[in-house]
Every structure is written in structure tokens, then in C-alpha cells.
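The values are calculated or read from the model by the stated rules, or taken from the named source; none is laboratory data. Just so it is clear, the structure is predicted and the values come from calculations on it, not from any experiment. Note that we place each Cβ from the backbone using ideal geometry, even for glycine, and neighbour counts take in every protein chain shown. Remember, those area values only see protein heavy atoms, side chains included, never the ligands or the DNA or RNA. Shrake-Rupley method; radii C 1.70, N 1.55, O 1.52, S 1.80 Å.
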Amino acid sequence: MDLGTVRDKLEKALYKSGAEFAADVRMIFTNCYKYNAPGHDIVQMCKKLQEVFELEVAKMPEDDRAPSDSESDSSSESDEETQRHIDKLQRTLESLQQNMLEVLSNKKKKKHHKEKIH
């Protein structure tokens, strides 16, 4: 699972709930921790991104954070409600991507600054 796949699933309206979206994003974090050494830079960036993500998820209405019993019953949600939901999830993903770019940019600036000092 990666952010590109999550974005594709959002664009294709494949998520049935905010909880499903959040589960996929959390899988990205889990995989990062699983396949990278604890002290690796990518793990540190992942932790920062996860903190931002969890703050964003906490802002979502409770109904969007937890799976519902009627997730498979898409007829209960109008097309307009579905689109609003998708738009909200896309904004959350865009916010995560922006934060990730900022973390990467700050990391490069720090590295460049250290290289100048040495």
C-alpha cells in the first residue's frame, strides 16, 4: 500500500468509509515500520506524518472514523453525500502529502546545512 494507491482508490470512489481509507493509510505506516530500520530517516519522517494524519482523522466526524454496519449498503448514501465524503478524504490525503513534502524539504535543508558546516 502506498499514497499513490490510496489516491487512486479515492479518485475511483472505492472507499466505502473514512475508516476504510484510514486503515489503508495506517497500513502504509505499519509497512514503513516493518520494512525499515528503527533509526532510519524514513521511519522518523513516517512517524511525523502519522502524527499529522492522526490529528486530521481526529477532526473527522465519528461516523467517518468508524466502520458502519451498513457499509455494504451504498444506497443509503446519496450521490451528493458520497461525493462530499470523497472530497473530504481527498483533502485529508492532500494535506498528508503536503506535510510529507514539508518534512522531506526540511530534512534536505538540515542535511545541506550540515554539509556546509563540515
Being modelled with pLDDT under 90, farther than 15 Å from Leu96 by Cβ and open to solvent by less than 60 Å² (accessible area, probe 1.4 Å) is the requirement here; does Ser76 meet it?
no
Apart from one, (1) on the phi < 0 side of the Ramachandran plot; (2) at pLDDT below 90 all hold for Ala13; the odd one out is (1)
